[in-house]
1. Expressed as an acute angle from 0 to 90° and rounded to the nearest 10, what is the orientation of the C-alpha long axis of helix 167-178 relative to the principal long axis of the chain?
2. How do 20, 197 line up, fewest other C-beta atoms within 10 Å first?
3. So what's the angle, to the nearest 10 degrees on a 0 to 90 scale, between helix 101-110 and the longest Cα principal axis of the chain?
4. So if each residue of separation counts as 0.36 nm, and I subtract the Cα-Cα distance between residue 166 and residue 84, what length gain in nm does that give?
5. Report the full-extension gain for the segment residue 99 to residue 154: residue separation times 0.36 nm, less the Cα-Cα distance, to one decimal in nm.
6. How far, in nm, would the chain grow between residue 3 and residue 34 when pulled straight, counting 0.36 nm per residue and subtracting the alpha carbon separation?
7. What is the list of residues in the range 8-44 whose amide nitrogen lies under 14 Å from a point 7 angstrom out from the Cα of residue 136, following Cα to Cβ?
8. Among 164, 156, 123, which one moves the most in a GNM of the chain with springs linking Cα atoms closer than 10 Å?
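FYI, it's all coordinate maths here, none of it is from the lab. Being a predicted model, the structure only gives us computed values, none of them experimental. As a convention, Cβ positions derive from the backbone with ideal geometry for all residues, glycine included, and neighbour counts pool all protein chains shown.
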């Protein structure tokens, strides 16, 4: 079962230039060009997936669209470990590769009921940080917005994703960045923010 381990920190939008100038960020090699990521999150009209703490997303990467399924996990001080499945979008939802029997069965039942519920659009700058042998952390700087109907909320955060190493390596990097930057642990995912913006169901 694929496992995503990341630590997320939010920051005031006006501090972005200082963040980009930080020695750790500035010296970490870039992973390609800055991307514009458009994502649409799906659920049933009754928000069944939200109730079961499952997120289904289609995200455009340039000319490519990727289907992602995530299971919610407890986040503490910004650190999250959760199951995640990604695959290319082939024009219809395909949940056959999900190796979590409970999630796979639910998604198979709900597949024909899924509709768009909210969107995110943000720019992402990716750096690859290697503090020592055996440790690699992707530093992803996201700025943009979550959009649900007429409602919008800003995205201004940095995600530290573990490519190799231990979760403690994420905490160490976060503590180093927080010494001189106004970073705050972010325990609410983009998906959770989108759901909170939806009008209440009766």
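1. Roughly 60 degrees between the two axes.
2. Listed from fewest to most nearby Cβ atoms, that is 20, 197.
3. The angle comes out near 60 degrees.
4. 27.7 nm
5. In short, 16.4 nm is gained.
6. Using 0.36 nm per residue and subtracting the Cα-Cα distance, I get 8.7 nm.
7. Only 29-32 fall inside the zone, counting backbone N under 14 Å.
8. 164
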